[in-house]
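Scroll down for the structure; my scribbles are underneath it.
The values are calculated or read from the model by the stated rules, or taken from the named source; none is laboratory data. Quantities reported herein were computed from a predicted structural model and do not represent experimental measurements. Reconstructed Cβ throughout: ideal geometry from the backbone, glycine too, with neighbour counts over all protein chains shown. Only protein heavy atoms, including side chains, enter the accessible area calculation; ligands, DNA and RNA are left aside. Shrake-Rupley method; radii C 1.70, N 1.55, O 1.52, S 1.80 Å.
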Amino acid sequence: MRLRGKEVACVGGGRVAERRIGQLLDAGALVTLIAPEATEALAQAAADGRLSWLRRPYRRGDLAGAWFVHTATGLPAVDAAVSEEAEEQRTWCVNASDHERSSAWTPAVARVGDGVTIAVTAGADPRRAVGLRNAISLAADTGLLPLRRKRTPRGSVALVGGGPGDPGLITVAGRRLLATADVVVADRLGPRELLEELAADVRIIEVGKAPGHHLATQQEINELLVAEARAGHKVVRLKGGDPYVLGRGGEEEAHCRAHGIEVEVVPGVTSAVSVPAAAGIPVTHRGVATGFSMATGHDELAELPARPDHTLVLLMGVRRLADHARLLRRRGLPADTPVAVIERGWMPGQRVTIDRLDAIAETARDVGVANPAVIVVGDVVRLSPHAAGTPCHASAQAIRA
């Protein structure tokens, strides 16, 4: 029912009425509450002028002019009288105490996706309706329902952080947007498995970047997002990790906004924190490290704390691992500081390599460490279960004790 600007009569001021009146006010209805007493929230709404309150019991004739009636006094005889008057004047009425006397029912409602409303009724069993609504809403949130629009309105762009690669680590908001996309502009990292679940007519445009090999320049990606949105498409830019953490999401957002394109940004789980977690390494831990820094380049390392009790997380640092280790040693970081290199975190084939700072570069070279990888430097590495049997094992036992 479209009740915006329409008169609605609500009889009864208890908790049930409070929930229903809140929904009616959200829908823009002009609510008149008829009850000698009301909950604190309803009384406040009346004091704020959001509804009218007849502070007395229901009287016959109170429903005149109402487009819709809701009665929830908790007194079956009163609710029955309200239903009877509503029936006589041909007004839809929800009787909260007797669904058989109702000419309408209040569904359990959820709003998902872009303009999609789910409403569930289950006879006289509201708890069952709520359970079904929650299950359907969850299916929508996790991309299991076809939420894509069939009518093409104005195009838009969503910058979605997909997390470190495991499809279970994308946010609910990100998964929902992916399910409604017309076009997905995808990186080589992130939850690639989710692309296989998209409808056959969803276009996937690959723009992934690898060291020394780019399928598209950043400027080409920026222009592509604008062009697809201007064509009326709902575009999801699916990125690994978080769009704003070394993902150049800020550049893409600025370019879209400069060209009048609506942009939504959905944060993602950044690999700087989640990939160490995949190896059982907390970047901070009481009594071990109270802070951490993230870096991508050699120059940044020269400015960051160089202490075993301050965790350093290095992204895209495999190629210069030996240089990084030498710089940290020169800055005073002890030779026995533990270092972990986590390859393909959260993905099949994850591998963890751990050694001392003065030996990690040689060990990594011997085992063939390669990107994508995250490097963790500091005493927190000793907490990893993968540290057992490494040169860090004895210290790990001491910390755990």
- Send over a whole-number figure in Å² for the accessible area per residue of the chain, probe 1.4 Å. 50
- Environment charge of PRO76, counting only residues whose C-beta is closer than 14 Å and scoring Lys/Arg +1, Asp/Glu -1: -3
- May I ask for the equivalent-ellipsoid semi-axes of the chain, computed as the square root of five times each C-alpha gyration tensor eigenvalue and listed largest first in whole Å? 58, 26, 18
- Backbone HN-Hα couplings from phi across region 362-375 [Karplus 6.51/-1.76/1.60, Hz, Gly and Pro as x]: 5, 4, 4, 5, 5, 8, x, 4, 9, 5, x, 8, 10, 10
- Query: In a Debye calculation with equal point scatterers on the alpha-carbon sites of region 1-127 and no solvent, what is log10 I(q)/I(0) at q = 0.13, 0.22 Å⁻¹?
  - Reply: -0.49, -1.40
- Which distance in Å, rounded to a whole number, links the C-alpha centroids of region 16-46 and region 126-189? 33
- Item | 5 angstrom amide H check on PHE68, placed H, neighbours 5+ away | ALA9
- What is the Cα radius of gyration of region 74-141 over 2.2 N^0.38 Å, N being its residue count? 1.35
- Counting only protein heavy atoms and leaving out ligands, DNA and RNA, the solvent-accessible surface of HIS233 at a 1.4 Å probe, in Å² to the nearest 10, equals 50
- Query: When each pair of different Cα atoms in region 41-82 is counted once in the 1/r mean, what is the Kirkwood radius in angstroms, to one decimal?
  - Reply: 11.8
- Item | Mean-position separation - Cα centroids, region 218-280 and region 287-358, in angstrom | 27
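By accessible area of protein heavy atoms, probe 1.4 Å, what ranking do VAL288, VAL109 get, highest first?
In descending accessible area the options line up as VAL109, VAL288.
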- Taking Cα atoms only, helix 321-330 is inclined relative to the longest principal axis of the chain by an angle, in degrees rounded to 10, of 80
- Taking the Cβ of PRO372 as the centre, find all other residues whose Cβ is under 10 Å away and add up their charges (Lys, Arg: +1; Asp, Glu: -1). +1
- Give me the percent of the accessible area of region 2-75 that comes from carbon and sulfur atoms, probe 1.4 Å, all protein chains in place. 49
- So the carbon and sulfur contribution to the accessible area of region 335-395, 1.4 Å probe, in percent, is 51
- Hey, can you grab everything whose amide H is under 5 Å from the amide H of HIS233? Only 5+ residues off in sequence or another chain; H modelled, so Pro and N-termini drop out. GLY155, SER156
- So how much accessible area does ILE136 have, in Å² to the nearest 10, using a 1.4 Å probe? 60
- Expected max-MSF residue from ILE204, ILE21, ILE170 in the GNM of the chain (alpha carbon, under 10 Å) is ILE21
- Message: On the Cα set of region 173-235, report Rg and Dmax in Å, please.
- Response: 12.1, 34
- Query: Scaled to the compact-protein estimate 2.2 N^0.38 Å, what is the alpha-carbon radius of gyration of region 273-401, rounded to two decimal places?
  - Reply: 0.93
- Message: How large is the accessible surface of LEU224 in square angstrom, using a 1.4 angstrom probe and rounding to the nearest 10?
- Response: 40
- Task: Springs between alpha-carbon atoms under 10 Å, Gaussian network over the chain: tell me which of ALA186, ALA29, ALA77 tops the mean-square fluctuations.
- Result: ALA77
- Note on the structure: Counting lysine pairs in the chain that sit 8 or more positions apart or on different chains, with Cα atoms under 28 Å apart, gives 4
